[in-house]
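The values are calculated or read from the model by the stated rules, or taken from the named source; none is laboratory data. Being a predicted model, the structure only gives us computed values, none of them experimental. With ideal geometry, Cβ positions are generated from the backbone for all residues, glycine too; neighbour counts draw on all protein chains shown. Heads up: the accessible areas ignore ligands, DNA and RNA and are worked out on the full protein's heavy atoms, side chains in. Shrake-Rupley method; radii C 1.70, N 1.55, O 1.52, S 1.80 Å.
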Amino acid sequence: MLRLVLKVVSFLFLFTSLVSSLNSDGLSLLALKAAVESDPTGCLESWSESDATPCHWLGIGCTRKRVTSIFLPNKGLTGYIPSELGLVDSLTRLTLAQNNFSKLIPYHLFNATNLVYIDLSHNSLSGSVPPQIKSLKNLTHLDLSSNSLNGSLPESLVELKSLSGTLNLSFNKFSGEIPASYGEFPVMISLDLRHNNLTGKVPQVGSLVNQGPTAFTGNPNLCGFPLGNLCPEAQNPRAILNPEENPENPKGLTPVFYDGNGDKHKEKIGSVATPWISGVSAVIGAVSVLVWLVRRKWKTGEDKMGKEKKREEVEEEGQNGKFMVVDEGFALELEDLLRASAYVVGKSRSGIVYKVVAGRGSGTLGSTVVAVRRLSEGDAPLKFKEFEAEVEAIGRVNHPNIVRLRAYYYANDEKLLVTDFIRNGSLYAALH
């Protein structure tokens, strides 16, 4: 009997030790393993409930035996994100990018209030961003790009006062207008709202005024500065008026008279003879103009064709856009500039100046900062050869007090000058 009791006690002790051998962080991570339906690379095979700690598991980082990092990008994982990850209260970095996680983002995930860095980009997540995300007071980097998130842009993100790196919501299905409260984000945030279904006018408030066009492109129904497409009221200021207005009669009124019998009739414009004389005059004038045009065309036809052909040959090179590096040490390409974060730092009669930060968030060490001047059409030479000669002359200037020209871009509808970015303020501030 005693031997049987000892065996039972030994079994219970062994069972208890096996069940309680893994700490609470490890048990929460096993919920992630259970939520994964497909693990083609076998990265989660080392995750075992018999381990005392998950700190040696693949993709897991620890500090003082507490899980602080989950790093599993590009593993081909298919499944969903479980709520239990919110129980890892020491978690500061969560990276599950470039997998195939689907369904909703669980709002319990944001119970891990020490999160500083979240990257869930390039998955298949859907639904809206839970408002509970505002509890992450230490969050500096949030990347939810390239998913299927929808609904309006979450205004709760404005309450994340520690955001200072990246806020990337691009390539989703967000709709509606950009909240004016987004102007409260610090200027140094790399804001990316590209390729959604956003509509309306870009609010000209706060830091949104300093964002370049790269933050908003790919939203066909978005308009206003800094985008090239004007808002409807800017394109047609008279649109708010009566659309049936006659431009020759702006008030939209027709004079009305009353005869002696009290009947009203519209004013007759002239007598019967007036329109007849006007018609004859119009015919004679039209014939005269036609004869003059035929003579002019016959006389100058060949010269005009020759000039048009020569103009096409000269400007053909700049027709589709040309990016030219003036300084051999300049390593950025046009694609780097188009993908970079841009902030408006100045405006003048000659155009708009952007501070462009290339390389941030792309996995490269550090980033390259340049100034890009977007020339206004009134000051930029219209012809490609003239523009090229003038810019190359500027590029040959080498003086310690003159900013260095690095590259330029020419297209029929866009002309850019790329120079060094001077970090010590503006020339106006230095002089005054």
Of (1) at pLDDT below 90; (2) under 12 Å from the mean Cα position of the chain (by Cα); (3) open to solvent by 20 Å² or more (accessible area, probe 1.4 Å), residue 164 satisfies all except one. Which? (2)
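Table: residues versus (1) under 18 Å from residue 215 (Cβ atoms); (2) in a helix (DSSP H, G or I); (3) modelled with pLDDT under 65.
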residue	(1), (2), (3)
343	yes, no, no
355	yes, no, no
366	no, no, yes
379	no, no, yes
388	no, yes, no
397	no, no, no
401	no, no, no
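I'd like the residue in the range 173-206 that is in contact (Cβ under 8 Å) with a residue 60 or more places away in the chain and not acidic (Asp, Glu) and, out of all such residues, is surrounded by the most Cβ atoms within 10 Å (Cβ to Cβ). Lay out the reasoning, then the answer.
Narrowing the range 173-206 to residues in contact (Cβ under 8 Å) with a residue 60 or more places away in the chain: 187, 190-192.
Remaining after also requiring not acidic (Asp, Glu): 187, 190-191.
On the way: 187: 15, 190: 23, 191: 26.
Looking at the filtered set, the residue picked out is 191.
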Check on residue 123, under 23 Å from residue 220 (Cα atoms) and of a type in the set (S, T, N, Q): no
Would you pick out the residues in the range 35-52 that are open to solvent by 40 Å² or more (accessible area, probe 1.4 Å) and closer than 24 Å to residue 114 by Cα? 52
Members of the range 139-161 that are more than 17 Å from the chain's Cα centre (by Cα) and either in a strand (DSSP E or B) or touching a residue at least 40 places away in the same chain (Cβ under 8 Å) (or both): 151
